[in-house]
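Report on one structure; see the data block that follows.
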Amino acid sequence: MFKNERLNRIMTILEHKKVVSTTDLEKTLFVSNSTLRRDLMTLERLDKVHRSFGYVELVKADNLELPYLFRGQERAPEKHRIAATASVFLGDNQAIFIDSSSTASFLAPFLAKLNHVIVITNGLRIAVELDGLPSIKTFVTGGRLRNGAGSIIGDDAIGFLNNFRANLFFMSCVGLTNDGVFMSSQEQSSVKRAMMQHAEKTILLCDHSKYNVKSYYRLCHEDELEAVVSDARPDQPLATSLEKAGVEVLV
């Protein structure tokens, strides 16, 4: 098989599966590890795929983290409904971790109604939304600003978060499957993981477009979640998996 044929075959496989292991690709294409590596490097230079930890992922809109100003506009009605539903967890005198996702930033109007609340975040958008609210004490992590994402990441951010304990953690994701919650950035995942470890309950805010979408990095298993809040119920296999994990689904 010529190189162009292999490249087309790889793209066809990824269009169907989205994520595949390099071991499976070697077996399917009947090529050596070195040949496959060179092919994947070619596709990566063309921004067609992303390689990591023995897996290769199709690069497409669903897997890319859009600039946060655009993410705020995308599916805004659904995100508002999700935030409204998630507000049932909110109460006075809480400490709350909130990630840098655009979905979580829609919680701001509901937080504004509360008293004596502490918010700890690595997100610029939610920090700006809460600015000027005297009833909310907002802490923003230090660290490195991730270009275009409106989020602060890195060891300094994680070290800052380790000083806090919270009642709740609200976060979003790239995808949710019966294999867990997935992200497209290991650095973002590390910050979210620190928040999870220091929160009593983790609430996943996830619109229906993220159901059954898998990226290359798993943030956590389903049973680490308290609840999933969405704009639509998942299909039966995913719904059954969440139920078995003891995760409440709110719509």
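List of remarks:
- Other residues within the sphere of radius under 14 Å centred on the Cβ of His221, judged by their own Cβ, net out at 0 (K and R +1, D and E -1).
- Dipole of region 126-251 [Lys/Arg +1, Asp/Glu -1 at C-beta], most positive-end residue of Asn163, Leu238, Leu176: Asn163
- Between region 89-109 and region 162-240, the alpha-carbon center distance in angstrom: 15
- Each of Arg6, Arg37 has some number of other Cβ atoms within 10 Å of its Cβ, and from fewest to most they run Arg37, Arg6.
- Assigned charges on the beta-carbon of Lys, Arg, Asp, Glu; region 3-58 dipole about Cα centre (debye): 100
- Extension gain for Arg144 to Gln236 (0.36 nm times residue separation, less C-alpha to C-alpha distance): 29.1 nm.
- With each label modelled as a point 7 angstrom along the Cα→C-beta vector, the Leu250-Leu133 pair spans 1.5 nm.
- Selection among Val213, Leu46, Ser189 by position relative to the dipole of the chain gives Leu46 as farthest towards the positive end (Cβ unit charges, Cα centre).
- R0 of 22 Å, Cβ-Cβ distance Asp179-Lys27: FRET efficiency to nearest 0.05: 0.55
- Computed from the C-beta positions of Leu46 and Lys113, the FRET efficiency with R₀ = 35 Å rounds to 0.10.
- Summing Cβ point charges (Lys, Arg +1; Asp, Glu -1) relative to the Cα centre of the chain gives a dipole of roughly 620 debye.
- With contacts taken as Cα pairs under 8 Å at a separation of at least 6 residues, region 113-202 carries a relative contact order of 23 percent.
- Rg and Dmax of region 194-240, based on Cα coordinates, read 11.5, 32 Å.
- Calculated on alpha-carbon atoms, Rg and Dmax of region 3-58 in Å: 9.7, 25
- For region 144-251, taking the reciprocal of the average inverse distance between every pair of different Cα atoms yields a Kirkwood hydrodynamic radius of 14.2 Å.
- Angstrom value of the Kirkwood radius, inverse mean 1/r, which spans all Cα pairs in the chain: 19.1
- For Ile120, distant residues with modelled amide H under 5 Å away: Ile96, Phe97, Ile98, Phe139
Any read-out appearing in this document is the output of simple, stated calculations on the displayed coordinates, not a laboratory observation. Computed from a predicted model, the values in this text were never measured in an experiment. Neighbour counts run over all protein chains shown; Cβ positions are idealised from the backbone, glycine included.
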